[in-house]
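Student: Starting off with a structure, shown below.
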Amino acid sequence: MSNIKAAITAVGGYVPDYKLTNAILATMVDTNDEWITTRTGIKERRILKDKDKGTSYLAIQAALDLIKKKDLDPQSIDLVIVGTVTPDMPVASTAAFVASEIGAINAFSYDLQAACSSFL
């Protein structure tokens, strides 16, 4: 029996500045805030508007937030998993790019593309 254990010890986050509110959506389609909120609980969505940035940008910012919060040495990170249905590219792993960009040069990395269940 192994004594090696994995645990989540901190969480980092990042959200883009642009807010797509229900009021804005109501100007685009036949809906309103009350209809959306009562059915989904959603009041706003954060949208990355810069067309030159993708999923990896969001993941890198969240990872850097985590590294800063925990005062981590990125080289001590063993594993980077990116749960997404919108990878930067269909073939190359977004997680490998994220690991490289945050300095996690010793980490194994992979994308988990399993829709909602990858976010668990």
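Student: Return the whole-Å distance between the Cα centroid of segment 1-78 and the Cα centroid of segment 79-120.
Tutor: Measuring centre to centre over Cα atoms gives 15 Å.
Student: Choose one of ALA115, ILE60, THR31: the residue whose Cα lies farthest towards the positive end of the charge dipole of the chain (beta-carbon charges +1 Lys, Arg; -1 Asp, Glu; about the Cα centre).
Tutor: After comparing all options, I get THR31.
Student: Please work out how much length the chain gains when fully extended from LYS19 to ASP65, using 0.36 nm per residue of separation minus the C-alpha to C-alpha distance, in nm with one decimal.
Tutor: Values: separation 46, 0.36 × 46 = 16.56 nm, distance 2.04 nm.
Stretched fully, the LYS19-ASP65 segment lengthens by 14.5 nm.
Student: Assign unit charges at the C-beta atoms only (+1 for Lys and Arg, -1 for Asp and Glu), then state the dipole size of the chain relative to its Cα centre in Debye, rounded to the nearest 20. Don't jump to the answer; show the numbers that get you there.
Tutor: Details: 12 positive and 14 negative charges, 40 e Å.
In debye, rounded to 20, the chain gives about 200.
Student: Across the Cα atoms of the chain, what radius of gyration and what greatest pairwise Cα-Cα distance (Dmax) are found, in Å?
Tutor: My reading of the Cα-based Rg and Dmax gives 17.5, 60 Å.
Student: If the limit is 29 Å between Cα atoms, which of LYS5/LYS69; LYS19/LYS69; LYS5/LYS43; LYS49/LYS69 go over it?
Tutor: Values: LYS5/LYS69 22 Å; LYS19/LYS69 25 Å; LYS5/LYS43 38 Å; LYS49/LYS69 26 Å.
From the list (LYS5/LYS69; LYS19/LYS69; LYS5/LYS43; LYS49/LYS69), the Cα-Cα distance tops 29 Å for LYS5/LYS43.
Student: Rounded to the nearest whole Å², what accessible area per residue is found for the chain with the 1.4 Å probe? Show your work: numbers first, answer last.
Tutor: Working: 8750 Å² over 120 residues.
Here the residues of the chain average 73 Å² of exposed surface.
Student: Once you have the Cα-Cα distance between ALA114 and THR37, take 0.36 nm times their residue separation minus that, and quote the gain in nm to one decimal. If you can, show how the numbers build up before the last one.
Tutor: Values: separation 77, 0.36 × 77 = 27.72 nm, distance 2.65 nm.
Difference between extended and current length: 25.1 nm.
Student: Return the FRET efficiency for the residue pair ILE81, ALA26: r is the Cβ-Cβ distance, R0 is 35 Å, and the value is rounded to the nearest 0.05. Can you show the working numbers first?
Tutor: Working: r = 37 Å, r/R0 = 1.05.
So the FRET efficiency works out to roughly 0.40.
Student: Also, quick follow-up: In the chain, carbon and sulfur make up what percent of the accessible area (probe 1.4 Å)?
Tutor: Details: 5050 of 8750 Å².
Carbon with sulfur: 58 percent of the solvent-accessible area.
The values are calculated or read from the model by the stated rules, or taken from the named source; none is laboratory data. Keep in mind that what you see is a predicted model, and the values were worked out from it rather than measured. Cβ: placed from backbone, ideal geometry, glycine included. Neighbour counts: every protein chain shown. These accessible areas exclude ligands, DNA and RNA; they are computed on the full protein's heavy atoms, side chains included. Shrake-Rupley method; radii C 1.70, N 1.55, O 1.52, S 1.80 Å.
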